[in-house]
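Novice: Would you mind keeping the following structure in view while I ask a few things?
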Amino acid sequence: MELRHLRYYQEVCRTLSFSRAAENLHIAQPPLSRQIQQLESQLNVTLITRTRPLALTEAGVYLYQQIEPLFNRLEEIAQQTRQIAHASRARLIIGFAPSMLYGELPSLIRRLHGENEIAVEMQEMVTLRQIEALKKGRIDVGFGRIYLHDSEIEQLTIREEPLVAALPGNHMLNGNPISLAELSQQPFILYPAQPRPGYADHTLRLFEQHHLRVNPSQQANDMQTAIALVAAGMGVALVPESARQINREGVRYVAVKEPHVTSPIILSYRKHEANPLVERCKNLLRPASGQ
């Protein structure tokens, strides 16, 4: 059984069509069909029922489920091999939630870049995806806003960032600090819509802790889109204070009356991490965290 057999089989399973699979693989259909027959012969099983449309046998489904993670792992190995081969400097791969670009992260990157032996690579992803990427070795550290319990991951709280209300520029509550109760009565823009759990759940819990509920009128994929919807007069949003740097016309940022309405800035990394660059990153951030 050769790797090409599995790649051909994977594409047939994805498309459930020999003709489409052959087109995607840039080969003719008859050779593709012969390759699949060879694979079935080597395994001495029937993998595909040649009906219209094609259907996988029970054995065929099992094989497909097994080779998907196999090819994902092979791609990770190839990527890491290329990085090792081409890296002339030590490399730190950082996963970051988009809102981190308005807080401590840019300063950290500048300091790391200032140390000539360190190359920094950035990958945008929400906290939930960061945990998966850390466990698979695709990133070295992650910056996010959600506590997620995982036996393989450590999380360090850098600080608690105050949240502010983003209101349309002509909103009647602009000017003075606003209460969560007042916010809960407004059309509310919740973000991100996916994945969950995420910052959206943190926002909802803040209201629940004050025995309040919001009924989101809109959901956005990210903070930038949420603020754009505020500018369009579609509702209000609760955003990190660092979002004040987004000077969007038609949006005013107003403080929240209640104390401790905050969002944590969290550094995530693998337990028992041996990479000295991760320790360097933690040391640079510890003055802010007080740890």
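Novice: Along Cα→Cβ, 7 Å out, is where each label goes; now give me the distance between the ones at S184 and T49 in nm to one decimal.
Specialist: 5.5
Novice: Using the alpha-carbon atoms, what tilt in degrees (0 to 90, nearest 10) does helix 58-86 show relative to the longest principal axis of the chain?
Specialist: Long axis of 58-86 versus the principal axis of the chain: about 70 degrees.
Novice: Continuing with this model, one more query. How much accessible area per residue does segment 1-85 have, counting only protein heavy atoms and a probe of 1.4 Å, in square angstrom? Walk me through the numbers on the way to the answer.
Specialist: Values: 5440 Å² over 85 residues.
On a per-residue basis, 64 Å².
Novice: Moving on to the next point. Which angle between 0 and 90 degrees, to the nearest 10, do you get for helix 276-289 versus the longest principal axis of the chain when only C-alpha atoms count?
Specialist: 20
Novice: Going by average Cβ density within 10 Å per residue, which order do the peptides 210-220, 97-107 take, highest to lowest?
Specialist: On the way: 210-220: 14.8, 97-107: 19.3.
Highest-to-lowest ranking by the protection proxy: 97-107, 210-220.
Novice: Within the chain, what is the number of lysine pairs with alpha carbons under 19 Å apart, leaving out pairs fewer than eight places apart on the same chain?
Specialist: Details: K135/K271; K135/K282; K136/K271; K271/K282.
So the count works out to 4.
Novice: Counting only the backbone N, which residues of segment 127-156 are under 16 Å from the spot 7 Å out from the Cα of R73 toward its beta-carbon?
Specialist: Residues 135-138 qualify, since their backbone N sits under 16 Å from the label point.
Novice: While we're looking at this one, here's another question. On a 0 to 90 degree scale, rounded to 10, what angle separates helix 105-114 from the longest Cα axis of the chain?
Specialist: 70
Novice: Follow-up. Per residue of the chain, what 222 nm ellipticity follows from adding -39500 (n - 2.57) for every DSSP H run with n ≥ 4, rounded to the nearest 500?
Specialist: On the way: 10 runs with 123 residues, N = 291.
Mean residue ellipticity, 222 nm, calculated: -13000 deg cm²/dmol.
The values are calculated or read from the model by the stated rules, or taken from the named source; none is laboratory data. Because the structure is predicted, anything quoted here is derived from the model rather than measured. Virtual Cβ from ideal backbone geometry, glycine too; neighbours counted across all protein chains shown. When the accessible area is computed, the model is the full protein with side chains, heavy atoms only, and any ligands, DNA or RNA have been set aside. Shrake-Rupley method; radii C 1.70, N 1.55, O 1.52, S 1.80 Å.
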